[in-house]
Amino acid sequence: MHHRRRLLAATIVAVCLTVPASLTAAAEVSPGAVTSASLVRVILAEFSQVIWPTIAQDLRSAVSRAPVPLASGPRKLPSNLDPSLNDPAGTKPRSYSDGCHRLKGQTTVKTCIYGDRHGTKSVVIFGDSHAAMWLPALDSIAARRGWKLYSVTKSACPVAKVAHDQPGHSTADCDTWRKNAQTFIAGIHPDLVIAASVERQGMSGQPSYRAWNAGMASSLTTLVRHARQVAVLGETPRFQVPVPTCLVKHRSDTRPCDSPRSFALSSRREGSDKATAAAAGAQYVRVDDITCPGSPCPSVIGRYMVSYDDQHMSPAFVMHLIPQFEAKLPTP
């Protein structure tokens, strides 16, 4: 309430400061023309053209920073849920079916171009499956904005050069693939690289943030040398159980499938990645405010299933995010 009062007071002051100047200008052009009607027109013009855009921007910034409490009461599963519970993982990004997204044992880079194949700007999406999941949105944005979009991703291989131990995915494979990917990126010298990874990526033992930060710094420094701009996407929410499995059991109320923010997101990861990106000359792009716009992180937003498993966003949800996501991206 106090914030709204201060905002209203600031608005009144702004009107008082700007309107006299406008009236003076009007009077100089046409003496005697400052009537009650013209006064109203001037006030409305100043408010709509100068004052309101500033207020709206401040409000958007404030809203984006604060988690929004979800509505109380049961939230029924939408009948038109997208993707369907019948095959939630059947709509993975097309880089999987194209063979462009590399899987275990594959260390070469397969060149695939999306977006506008004849575009004048070149953009690369680089990283693991958490980078690949943004492809549906980036493909659409790139096609509309004239970007030639390259997909350079591999499962379980983060942007950071770190020790890595997951079943079927070795550190050596990731190191070889990452080196090949960086060589490819250096060869095309793109206008923009968009990098993304899952948090800490299951490094051997109990990983330290120091090791992750050092690995990120190493990779980002290399990317910055070979691209005009580098953007690092922030993390997206994790869920305690696979979302589709949970929703099947909770059709009448999806709230048990939501994820507590303390589990879903890491404020420490955000801070460290932001600082590491800045030190390397890259830009950090926060996305948790659009992928988890509430507290807890919802499993269903509108009619869209947020994740098709416990950590990868569904293509349908990613497409739903395009207006907000596009506004966050740097312009190549």
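Where helices (runs of 4 or more DSSP H) sit wholly within the stretch 222-293, those with at least 2 residues that are touching a strand residue (DSSP E or B) at 6+ places or on another chain (Cβ under 8 Å) occupy 243-249, 261-264, 267-280.
There is no residue in the stretch 293-310 that is surrounded by 19 or more Cβ atoms within 10 Å (Cβ to Cβ), over 13 Å from Cys257 (Cβ atoms), out of contact with any helix residue (DSSP H, G or I) (no Cβ under 7 Å at 6 or more places or on another chain) and not basic (Lys, Arg). All conditions but one from (1) part of a helix (DSSP H, G or I); (2) within 18 Å of Ser314 (Cα to Cα) apply to Lys179; the one that does not is (2). Apart from one condition, Ala186 fits all of (1) more than 11 Å from Cys157 (Cα to Cα); (2) modelled with pLDDT under 85; the exception is (2). Scanning the stretch 189-216 for residues that are surrounded by fewer than 19 Cβ atoms within 10 Å (Cβ to Cβ) and not in a loop (DSSP other than H, G, I, E, B), we see that the one that is modelled with the lowest pLDDT is Tyr209.
Please go through the stretch 104-127 and give me each residue that is surrounded by 22 or more Cβ atoms within 10 Å (Cβ to Cβ) and touching a Cys at 6+ places or on another chain (Cβ under 7 Å), ordered by number. Once the filter is applied, which keeps residues that are surrounded by 22 or more Cβ atoms within 10 Å (Cβ to Cβ) and touching a Cys at 6+ places or on another chain (Cβ under 7 Å), the stretch 104-127 yields nothing.
Of these, Ala132, Ala89, which one is at pLDDT 95 or above and assigned by TED's automatic domain parsing to the domain that holds Gly234? Show your work before the answer.
Details: Ala89 fails: at pLDDT 95 or above.
Only one candidate qualifies: Ala132.
Anything in the stretch 304-332 that is closer than 16 Å to Val193 by Cα and within 13 Å of the chain's Cα centre (by Cα)? List them, or say none. Hits for the stretch 304-332 are Phe325, Glu326, Lys328, Leu329, Pro330. If the condition is being surrounded by fewer than 23 Cβ atoms within 10 Å (Cβ to Cβ) and under 22 Å from the mean Cα position of the chain (by Cα), then the stretch 236-258 contributes Arg238, Phe239, Gln240, Pro242. Taken together, Val306, Val287, Val318 contain a single residue that is more than 30 Å from His226 (Cα to Cα) and assigned by TED's automatic domain parsing to the domain that holds Thr91, which is Val306.
Quick check on Asp139: is it buried (at least 17 other Cβ atoms within 10 Å of the Cβ) and of a type in the set (Asp, Glu)? Explain how you work it out, then say what you get.
On the way: buried (at least 17 other Cβ atoms within 10 Å of the Cβ): yes; of a type in the set (Asp, Glu): yes.
For Asp139, the condition - buried (at least 17 other Cβ atoms within 10 Å of the Cβ) and of a type in the set (Asp, Glu) - is met.
Taking the stretch 155-176 only, how many residues are part of a loop (DSSP other than H, G, I, E, B) and either farther than 21 Å from Ser95 by Cα or at pLDDT below 90 (or both)? Let's see the steps before the verdict.
Of the stretch 155-176, the ones part of a loop (DSSP other than H, G, I, E, B) are 155-164, 167-168.
Keeping just the survivors that are either farther than 21 Å from Ser95 by Cα or at pLDDT below 90 (or both) gives 160-164, 167-168.
Residues flagged as part of a loop (DSSP other than H, G, I, E, B) and either farther than 21 Å from Ser95 by Cα or at pLDDT below 90 (or both) within the stretch 155-176 amount to 7.
The values are calculated or read from the model by the stated rules, or taken from the named source; none is laboratory data. Owing to the predicted nature of the structure, the values given are computational and were not obtained by experimental measurement. For neighbour counting, all protein chains shown are included, and Cβ atoms are generated from backbone atoms with ideal geometry for every residue, glycine included.
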